[in-house]
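The structure appears right after this line, and notes come after that.
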Amino acid sequence: MNLTTNDFNYNLPEELIAQYPLKKRESARMMVLDRTTKSIEHKHFFDIIDYLNKDDVLVLNNTKVFPARLIAKRYSGGEVEVFLLNPTAQNNQWFCLMKRSKRVKEGETLFVNEDFKIKIIKKDTEQAVEGELPKNIVELEFSGDDVYEILNKYGSIPLPPYISRQTNEDDKQDYQTVFAKNIGSVAAPTAGLHFSKEILEKIKNKGVEIVYITLNVGLGTFLPVKVEDFTKHKMHHESFIIPEETANTINSAKGSVIAAGTTVLRTLEATYQKYGKIVALQDETDIFIYPPYKIKSIDKLITNFHLPKSTLIMLVSAFAGKDFIFSAYQEAIKEKYRFFSYGDCMLIN
C-alpha cells in the first residue's frame, strides 16, 4: 500500500494543545507503548524509572535554545519582527525570517536599542520553495563580543506557532531542558523537557548510563509536509555533534539504548546509516525517516505527541508502526492527553 501525506493526518481538538508547561516537569502523563504486544499503559513521566534498567544507555540532546525573536524599529517608523535562524559563514550575519517587513529595503538599518542594530543584507523576495525557509540575511551590529549576551538582553524565546499566547519571562527557563548546555537551537528538544534534576539522579542511581549529543534544532522542524507524495518533501539540514564518550558508550552498551526525543534518534540513525555504528563526529543531517524504514540505532524512544502530517509523526510511525501509533494517538485524544511542546509524552518500548 502506498501511503500519502494525508494518511498521517488526524483531528486534534484545539483545547488539547498545551499552552503552558506543568509546574513540575516530571508530572506529565506518559503513555507507554509496547511494540511487541501492541499494548498501551497510562503512566506519568516520574514512572520512567521503572522502565529503565541497569546497563541501559539513555541519550539526551544538550542543545540550548537562544532568544531568537527580536523586535526592531525602522527609523522611518514602524516595527519589524526578526526571527534569527542560524549564522551564515560571514561574521555576525544570520539567516532569518522577517514579519511586517514589506517596506523594508536591502541596505536599511533597523534598531533594537542604541547598542544593538540590525542591517538588512539580503531580502528574499523570491517565492519560497516548497519546504524551504526564506533566505533573508541580516547583519547584527552591537558592542561587545558575545552575540548570545546581546540576544539574551533583547531577544525573546521563540515559542512554536501552535502556542497562541505571548511568550513570557518564565519561558526562558521552561522552554529549556535542565541539562541544556550548547547554545544554538531555535526550538527545544521537547522530550527532554520532562526530565528534572531529581529524575536524572534517580536514573543514574539505577545504573543507567546517561550520555549526550548536541543537535541544534531548526525552525524546519515545524514545517508541515505539503506535498501529497511525502517522499518528495525537502528536509531541512540540522548540525550535530556526537562526542567520543557518547559513541563509545552506545557501541559497547550491554542494555537497551534509549533516545530521549526525535532529535537524538535522527542524529544516531543518520550516523548509523553512514558508518554502520555510532562514531564521534561533527556533521549535519537532513535524514527523513518514514515507514517502512527500519530504525537500527536505538531500542526505545521517549517522545512527545507530534503534529498531523509532520515528518516527526512519520518518524515515530516508522519506529512503532503506523497503525499502532495512530491508535495510540486516538487513545491519547480520548484520554485528554496534552499535545505538542509543553504537552505529555510517550515511551515506546
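The values are calculated or read from the model by the stated rules, or taken from the named source; none is laboratory data. All of these numbers come straight from a predicted model, not from anything done at the bench. Here the Cβ is made from the backbone with ideal geometry for all residues, glycine too, and neighbour counts use every protein chain on show. Surface accessibility is based on the protein's heavy atoms, side chains included, excluding ligands, DNA and RNA. Shrake-Rupley method; radii C 1.70, N 1.55, O 1.52, S 1.80 Å.
A cut-off of 5 Å between modelled amide H atoms, ignoring neighbours fewer than 5 places along the same chain, links Asn136 with Cys96, Asp124. Near Asp34: Cβ cut-off under 14 Å, other residues only, Lys/Arg at +1 and Asp/Glu at -1. The net charge is 0. Convex hull volume per residue, computed on the Cα atoms of the chain, equals 145 Å³.
With the full set of protein chains in place, find how many percent of the accessible area of segment 263-324 is carbon and sulfur; take the probe as 1.4 Å. Heavy-atom surface of segment 263-324 belonging to carbon and sulfur, 1.4 Å probe: 48 percent. At 7 Å along the Cα-to-beta-carbon direction for both Glu245 and Arg165, put a label point, then send me their distance in nm to one decimal. For Glu245 paired with Arg165, the spin-label model returns 3.7 nm. Rounded to the nearest Hz, the phi-derived 3J(HN,Hα) couplings of segment 28-33 under the Karplus curve 6.51 cos²θ - 1.76 cosθ + 1.60 (θ = phi - 60°) are 4, 6, 9, 8, 9, 10, where x marks glycine and proline. A DSSP coil position with no more than 14 other Cβ atoms inside 10 Å describes the following GluC sites (Glu not before Pro) in segment 135-243: Glu169, Glu228. Taken as Cα centroids, segment 287-349 and segment 182-215 sit 19 Å apart, rounded to the nearest whole angstrom. Candidates Phe326, Gly192, Val211 compared by Cα position along the dipole of the chain: farthest toward the positive end lies Phe326, with charges placed on Cβ. Note on the chain: GNM, Cα springs under 10 Å; of Gln282, Gln93, Gln176, the largest mean-square fluctuation is that of Gln282.
Of Val227, Val65, Val57, which is the most mobile in a GNM of the chain whose springs link Cα atoms less than 10 angstrom apart? Greatest mean-square fluctuation among the candidates belongs to Val227. With both bridge residues required to lie in the chain, what share of the DSSP beta bridges run antiparallel, to the nearest 5%? Just about 70 percent of them are antiparallel. Local charge for Lys117 was computed over the other residues whose Cβ lies under 11 Å away, with Lys and Arg +1 and Asp and Glu -1, and equals -3.
What FRET efficiency comes out for His44 versus Asn11 if R0 is 25 angstrom and r is the Cβ-Cβ distance? Round to the nearest 0.05.
Working: r = 26 Å, r/R0 = 1.04.
Calculated value: 0.45.
With contacts taken as Cα pairs under 8 Å at a separation of at least 6 residues, segment 1-94 carries a relative contact order of 12 percent. Within the listed set Gly184, Gly321, Gly78, the Gaussian network model of the chain (springs between alpha-carbon atoms below 10 Å) gives the highest mean-square fluctuation for Gly78.
P(r) tail for segment 101-248, what percent of Cα pairs lie past 26 Å? Cα-Cα pairs of segment 101-248 separated by over 26 Å account for 45 percent. For segment 1-103, the equivalent ellipsoid derived from the Cα gyration tensor has semi-axes of 41, 21, 18 Å, listed largest first. The 3J(HN,Hα) values that the Karplus relation (6.51, -1.76, 1.60; θ = phi - 60°) gives for segment 245-252 are, in residue order, 4, 5, 4, 5, 5, 5, 5, 9 Hz. Gly and Pro appear as x. Magnitude of the charge dipole for segment 58-129, about its Cα centre and with charges confined to Cβ atoms of Lys, Arg (+1) and Asp, Glu (-1), is about 180 debye. For GluC sites (Glu not before Pro), the sites in segment 77-110 that DSSP calls loop and that have at most 14 other Cβ atoms within 10 Å are Glu106. Around the amide H of Lys64, modelled in the peptide plane, lie the amide H atoms of Lys181, Asn182, Ile183, Gly184, Ser185, all under 5 Å away and 5 or more residues distant in sequence or on another chain. At the residue level, His44 shows approximately 70 square angstrom of accessible surface with a 1.4 angstrom probe and all protein chains present. Sequentially through segment 110-115, phi angles give Karplus couplings (6.51, -1.76, 1.60; θ = phi - 60°) of 9, 10, 8, 7, 4, 9 Hz, Gly and Pro residues having no value and appearing as x. On the beta carbon distance between Ala89 and Ser252, with R0 = 35 Å, the FRET formula returns roughly 0.40. Close amide H pairs (under 5 Å, H built 1.01 Å from N) link Gly261 with Ile302, residues at least 5 positions away or on another chain.
Using only side-chain charges placed at the Cβ, +1 for Lys and Arg and -1 for Asp and Glu, the dipole size of segment 142-181 relative to its Cα centre rounds to 140 debye. If the segment from Val227 to Glu81 were pulled out straight at 0.36 nm per residue, it would be longer than the present Cα-Cα gap by 49.7 nm. For segment 249-349, the relative contact order comes to 30 percent (Cα pairs under 8 Å, sequence separation of at least 6).
The mean sequence distance of close C-alpha pairs (under 8 Å, at least 6 residues apart), as a share of the length of the chain, puts its relative contact order at 25 percent. Model label sites at Asp34 and Lys181, defined 7 Å from Cα along the beta-carbon direction, differ in position by 3.6 nm.
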